[in-house]
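Student: The structure is given below, and queries will be raised subsequently.
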Amino acid sequence: MKQLPTVTTEQLSAQRTVIARIAARNLLLGEQLAYVDTYGCQQNEADSEHLRAMLSGMGYVLTEDETAANVIVINTCAVREHAEQRVLGNVGHLVHSAKAGRRIVLCGCMAQKPDTREVILRSYRQVDLMFGPHELWRFPELLERSLNAPDGTKIIEARDIDGEQVEGLPALRSKGERAWLSIMYGCNNFCSYCIVPYVRGRERSRSKAAITAEYESLAAEGYSEVMLLGQNVNSYPEFPGLLRTLAAIDRRVKLSFRTSHPKDAGTELFRAMADSPNVDTLLHLPVQAGNDRVLSAMNRKYTSAEYIAKIRQAREIVPGIRFSTDIIVGFPGETDAEFEDTLRLVEAVRYEKLFTFIYSPRKGTPAAELPDNASRAEKQIRFDKLIALQKSIAATL
Ligand code: SAH
Ligand code: SF4
Ligand code: F3S
């Protein structure tokens, strides 16, 4: 894995100075409220925990009432059109509750996508500050710039970079049983339908020492479940070894991980799961499709036979293992017959849970350029068939 530039301790400490400056100003203003709304995957949830920690350091009191907030942060997802529409609908509502000095911040994956950025600039003038995932650690500096600017000023920051190594950002975790722990960021797989590698940058891993230290403190704080996060945790160098090490720290903590790419999941991973009784036996292994031509056009780098062989191997090695998966219905060019292969694969594997999505073209990805002959209605019929099949399987589990 290529080493990307590191954000230095000096750079982070400069951000802490900004945090203190905003805190001093908020002290004079009286109670200031902040609201953080999160869309998308667990990575975004984890990023929002960093945003909350920074906001709370600035003296903001976190609220669940967006109409009362002085700072509204919307941490967005660009993975499908539907996710973007939900965000835009919500931003649209906010225009009606404008108040002087309020700042609306739109960050996350949508802010890193040029076509979406354009739409927001054009049609959602109430957004004051927009920044992409690479700027997360610079949030204090960017918010201060926005606070210092006259109402109505727009600030946009989304560097077109591969990403940086960032270590030591504070996190304000929600109380509860489960904590997220990011072990790597970005993605190098470039599945042909997927926007994530473009908005999240190249793969970069945290050091084993940093992950272990954070895990130990989570266990000491009493979290009973920790989920390791990455777009493809199996790309982490020697992931099975990391899993064994963490699992052995405290056997009372239930350990899970997301997501695993099937091409990199193998016997070492299954053995580590089998040897660690506190690792969750529900393995999320996204297959996306059951037809080899479609899998190849998706750039997934495995065949359905290879996938099923891995499932069989995992069942042999890990007692009680169960599976969940993601499936895309209606990839460009998918025929009814090819879709039937997905149904057959689902029948063969017998998943405990399916996450199913109708294909959504993402501008900038190769699949968005492919001809797509199936209508939305045809795709919906396939989608419904898949749901019905899964329902009948789940009833027998
Ligand atoms: N890194 C993870 C998940 C990334 S996004 C992985 O590889 O499994 C989560 C899911 O969204 C994907 O697994 C895929 O099923 C779905 N997805 C991604 N891009 C999509 C698109 N353009 N249209 C429909 N579904 C998509
Ligand atoms: Fe997207 Fe594929 Fe990367 Fe997952 S592995 S984030 S689906 S490109
Ligand atoms: Fe969405 Fe970004 Fe996650 S596009 S799925 S929030 S990495």
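Rule-based calculations on the coordinates, nothing more; no lab input. Predicted, not measured: the structure shown is a model, and the values here were computed from it. All Cβ positions, glycine included, derive from the backbone under ideal geometry; neighbour counts span all protein chains shown.
Student: Would you please give the FRET efficiency between ALA395 and ALA14, computed as 1/(1 + (r/R0)^6) with r the Cβ-Cβ distance and R0 = 56 Å, to the nearest 0.05?
Tutor: E between ALA395 and ALA14, to the nearest 0.05, is 0.45.
Student: Still on this structure, please answer the following. With a 10 Å radius around each residue's Cβ, average the other Cβ atoms per peptide and rank 248-261, 109-122, highest first.
Tutor: Ranked by mean Cβ neighbours within 10 Å, highest first: 109-122, 248-261.
Student: Apply the a/c threshold of 1.5 to the C-alpha gyration tensor of the range 1-74 and tell me whether it is rounded, prolate or oblate.
Tutor: oblate
Student: Mind giving me the FRET efficiency for SER375 and GLU177? R0 is 51 Å, r the Cβ-Cβ distance, nearest 0.05 is fine. Walk me through the intermediate numbers first.
Tutor: Working: r = 44 Å, r/R0 = 0.86.
That gives a FRET efficiency of 0.70.
Student: Can you list the cysteines of the chain that have no other Cys Cβ under 4.7 Å away?
Tutor: So far as the 4.7 Å Cβ criterion goes, CYS41, CYS77, CYS107, CYS109, CYS187 stand without a partner in the chain.
Student: Rounded to the nearest 500 deg cm²/dmol, what is the calculated helix-only ellipticity per residue at 222 nm for the chain, with -39500 (n - 2.57) per DSSP H run of length n ≥ 4?
Tutor: When only DSSP H runs of four or more count, the value is -13000 deg cm²/dmol.
Student: The range 199-278: percent of C-alpha pairs farther apart than 14 Å?
Tutor: Working: 1945 of 3160 pairs.
In whole percent, the share of Cα-Cα pairs in the range 199-278 beyond 14 Å is 62.
Student: Quick check on the range 1-158: take the gyration tensor over C-alpha atoms, sort the square-rooted eigenvalues as a ≥ b ≥ c, and tell me if it's rounded (a/c under 1.5), prolate or oblate.
Tutor: Here the range 1-158 falls in the oblate category.
Student: Set the bar at 31 Å for Cα to Cα. Now go through LYS301/LYS385; LYS254/LYS310; LYS154/LYS301; LYS175/LYS353; LYS113/LYS310; LYS263/LYS385 and name every pair that lies beyond it.
Tutor: From LYS301/LYS385; LYS254/LYS310; LYS154/LYS301; LYS175/LYS353; LYS113/LYS310; LYS263/LYS385, over 31 Å: LYS154/LYS301; LYS113/LYS310.
Student: What shape does the chain take by its C-alpha gyration tensor, where a ≥ b ≥ c are the square roots of the eigenvalues and a/c under 1.5 counts as rounded, a/b above b/c as prolate, and the rest as oblate?
Tutor: Numbers: a/c = 2.04, a/b = 1.37, b/c = 1.49.
Oblate, since a/c reaches 1.5 and b/c is not below a/b.
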